[in-house]
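The structure appears below as structure tokens.
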Amino acid sequence: MAQKPHASGSVSPGDTSQRVGITSIESRGVDVEELREKLVDAIGAEFTTYYYYSNLRMHLAGNEDYKEITEDARLEDRAHFELVLPRVYELGGALPNDIRDFADRASCPDAEVPTPMDDEGGFDTSQLTVEGVLEVLLEAERCAIRTWSEICDMTRDADPRTYDMASRILQEEIEHEAWFVELLSMERDGEINPAGHFIRGEPGEAPYSTNRRINDSA
Ligand SMILES: [Fe+2]
Ligand SMILES: [Fe+2]
């Protein structure tokens with residue numbers, strides 16, 4: 001019988017100390033260690049942004065439309081974390097054991113409510129403005145676009161699985177930026193800059209990045 005060309009390769013049969021899923025992308029030029037550490041940083045930013053957007057959304061009191069859009073962006077960041085997390089392990093990486101380490105290495109700044117804490121440790125909301133909150137949201141989306149664009153560049157033509165995940169996320173981050181450009185333009189400058197967007201069908205639908213359709217248990 002003819003030899004099957006992919007029946008064997010550099011990893012010995014039964015060897016569980018190596019993964020063909022790793023060697024195959026290494027041989028195409030991917031620095032796997034660098035990539036997986038960047039992925040941990042990137043999902044650190046998704047995870048912390050999910051947290052910070054919770055707080056930002058709370059402080060859009062009275063602006064129900066802004067709250068809804070922030071909620072979509074918030075839940076989609078959680079979907080981004082969930083989508084890429086298994087990939088970190090496939091590439092031989094792991095989440096930091098200490099969540100503080102995870103937050104510190106996030107690839108984007110903390111998207112804090114733009115107001116000082118008062119003496120009791122609560123928020124001083126007297127100076128808080130809607131446009132201030134929208135600016136924080138906008139810049140967080142821009143950092144996410146830069147982050148996932150870099151991952152796309154590192155994996156294009158060499159690591160189709162990571163590239164597919166990163167490009168799905170990137171599409172949603174670009175949408176998120178457009179949403180907040182529209183809202184901030186009108187709120188701050190009275191300018192109409194349409195995002196071409198209406199709210200998701202379901203909050204946080206994540207049309208590109210959700211892994212619900214791939215894995216019901218995730
Ligand atoms: Fe995200
Ligand atoms: Fe986003």
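A few remarks follow.
- Output for segment 92-141, where each listed residue is under 25 Å from Glu187 (Cα atoms), β-branched (Val, Ile, Thr) and either surrounded by fewer than 16 Cβ atoms within 10 Å (Cβ to Cβ) or within 17 Å of the chain's Cα centre (by Cα) (or both): Thr125, Thr129, Val136
- Taking segment 46-78 as the range and being of a type in the set (Gly, Ala, Ser), modelled with pLDDT of 95 or more and more than 10 Å from ligand 2 (Cβ to nearest atom) as the test, only Ser54 passes.
- Among the residues of segment 18-30, not a single one is surrounded by 18 or more Cβ atoms within 10 Å (Cβ to Cβ) and within 20 Å of Glu175 (Cα to Cα).
- For segment 165-184, the count of residues that are in contact (Cβ under 8 Å) with a residue 40 or more places away in the chain, away from ligand 2 (no atom under 12 Å from the Cβ) and surrounded by fewer than 17 Cβ atoms within 10 Å (Cβ to Cβ) is zero.
- Checked against (1) in a loop (DSSP other than H, G, I, E, B); (2) at pLDDT 95 or above; (3) of a type in the set (D, E, K, R), Glu141 passes all but a single condition, namely (1).
- Some residue of segment 49-68 being within 20 Å of the chain's Cα centre (by Cα), over 30 Å from Cys152 (Cβ atoms) and of a type in the set (D, E, K, R): yes
- Flag if Glu76 is in contact (Cβ under 8 Å) with a residue 60 or more places away in the chain and under 20 Å from the mean Cα position of the chain (by Cα): yes
- Within the set Val84, Val88, the sole residue that is within 12 Å of ligand 1 (Cβ to nearest atom), over 23 Å from Phe180 (Cα atoms) and crowded, with 18+ Cβ neighbours inside 10 Å turns out to be Val84.
- Any hit, segment 149-156, residues being away from ligand 2 (no atom under 16 Å from the Cβ), part of a loop (DSSP other than H, G, I, E, B) and either touching a residue at least 40 places away in the same chain (Cβ under 8 Å) or crowded, with 17+ Cβ neighbours inside 10 Å (or both): no
- Counting the residues of segment 98-131 that are small (Gly, Ala, Ser), free of Cβ contacts under 8 Å to residues at least 60 places away in the same chain and in a loop (DSSP other than H, G, I, E, B) gives 2.
- Test: residue in segment 74-91 that is in contact with an Asp or Glu (Cβ under 8 Å, 6 or more places away or on another chain), outside any loop (DSSP other than H, G, I, E, B) and of a type in the set (Asp, Glu): yes
Okay, residues lined up against (1) within 16 Å of ligand 1 (Cβ to nearest atom); (2) polar (S, T, N, Q); (3) out of contact with any Lys or Arg (no Cβ under 7 Å at 6 or more places or on another chain):
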| site | (1), (2), (3) |
| --- | --- |
| Glu131 | no, no, no |
| Arg142 | yes, no, yes |
| Arg146 | yes, no, yes |
| Asp157 | no, no, yes |
| Ala166 | yes, no, yes |
| His176 | yes, no, yes |
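- A single entry from Ala42, Ala103, Ala73 fulfils the requirement of being within 13 Å of ligand 1 (Cβ to nearest atom) and in contact with a Ser or Thr (Cβ under 8 Å, 6 or more places away or on another chain): Ala42.
The values are calculated or read from the model by the stated rules, or taken from the named source; none is laboratory data. Keep in mind the model is a prediction, meaning the values are calculated, not measured. Quick reminder, even Gly has a Cβ in these numbers, built from the backbone with ideal geometry, and neighbours come from all protein chains shown.
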